[in-house]
1. Looking for something crowded, with 16+ Cβ neighbours inside 10 Å, modelled with pLDDT of 90 or more, of a type outside the set (S, T, Y) and closer than 21 Å to Y163 by Cα - is there at least one such residue anywhere in segment 40-63?
2. Under 6 Å between Cβ atoms, which residue pairs at least 6 apart in sequence (or on different chains) link something in segment 67-86 that is without any contact (Cβ under 8 Å) to a residue 24 or more places away in the chain and at negative phi with a partner that is of a type outside the set (K, R) and surrounded by 13 or more Cβ atoms within 10 Å (Cβ to Cβ)?
3. Going through segment 82-109 one residue at a time, which ones are aliphatic (A, V, I, L, M) and loosely packed, with under 14 Cβ neighbours inside 10 Å?
4. Between a first residue in segment 131-159 that is within 12 Å of I94 (Cα to Cα) and a second residue that is open to solvent by 30 Å² or more (accessible area, probe 1.4 Å) and aliphatic (A, V, I, L, M), which pairs have beta carbons less than 7 Å apart while being 6 or more apart in sequence or on different chains?
5. If I filter segment 115-126 for residues that are of a type in the set (V, I, T) and without any contact (Cβ under 8 Å) to a residue 60 or more places away in the chain, do I get at least one hit?
6. Answer yes or no as to whether R128 is modelled with pLDDT of 95 or more and out of contact with any Phe, Trp or Tyr (no Cβ under 9 Å at 6 or more places or on another chain).
7. Tell me whether segment 93-105 contains one or more residues that are assigned to a loop (DSSP other than H, G, I, E, B) and in contact with a helix residue (DSSP H, G or I) (Cβ under 9 Å, 6 or more places away or on another chain).
8. Can you work out which of the residues in segment 74-104 that are farther than 15 Å from V130 by Cα and among the small types (G, A, S) is nearest to the chain's Cα centre (by Cα)?
Amino acid sequence: MAQRQQRQQRQDRKARLTAQDWADAALTAIGEGGLAAVAVEPLAARLGTTKGSFYWHFANRDALIEAALDRWAQINTEGTISDVEAEPDPRKRIQLLFAKAITSATADPLEVTLLATAKHPQVAAALRRVTERRLAYLTQLFADLGFPEPEARRRGLLAYTVYLGHAQLGHAMSSTLPPEEGGEFRAYLSEALDVLLTRRGA
């Protein structure tokens, strides 16, 4: 009787797991150990299920990696943009986006890990899609502030390189960045934004 109940509990747990659960677990694994950490058996153990649950949702490991990268794009790009869009003032949208993106990239190693594996075909394709989406959004934000299209694109690219540089330093040499305590980090962000937002001749 007890064995039957245990089997039923395992089956119920396997049935409850979704493809998103697997994708989230794969993202966590990538952040911890890169693409090599995406292995079915360890992920199944982490999720408390069997390989059968994996094959219920995915044809193979590549399909799981693709789902994980799509999930990353949804959370770290579309989700962030959606949050920022709730702010009606374009200048405040840029400030909010900058603060959210830099804080997130510093706290979470996932993006830096993905950048380190940018030659992998699936990662390269995902990074290209995400980068194009982010740059297009940044360009639109600067255009909303009245910058001409070419200059809006340049400022969007500059903002993105500042973000990527901060993310890399935050994980490679965090001691070089201003601490959040005492207002230094806020002042650093404010000055970086002032450079990005100041018009020539102003």
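The values are calculated or read from the model by the stated rules, or taken from the named source; none is laboratory data. A quick note: this is a predicted structure, and the numbers were derived from the prediction, not measured. As a convention, Cβ positions derive from the backbone with ideal geometry for all residues, glycine included, and neighbour counts pool all protein chains shown. Only protein heavy atoms, including side chains, enter the accessible area calculation; ligands, DNA and RNA are left aside. Shrake-Rupley method; radii C 1.70, N 1.55, O 1.52, S 1.80 Å.
1. No, segment 40-63 contains no residue that is crowded, with 16+ Cβ neighbours inside 10 Å, modelled with pLDDT of 90 or more, of a type outside the set (S, T, Y) and closer than 21 Å to Y163 by Cα.
2. Within 6 Å, the pairs are V84/L96; V84/L97.
3. Of everything in segment 82-109, those that are aliphatic (A, V, I, L, M) and loosely packed, with under 14 Cβ neighbours inside 10 Å turn out to be A86, A107.
4. G156/L135
5. no
6. Considered against the rule, which asks whether it is modelled with pLDDT of 95 or more and out of contact with any Phe, Trp or Tyr (no Cβ under 9 Å at 6 or more places or on another chain), R128 comes out as yes.
7. No, that holds for no residue.
8. S104
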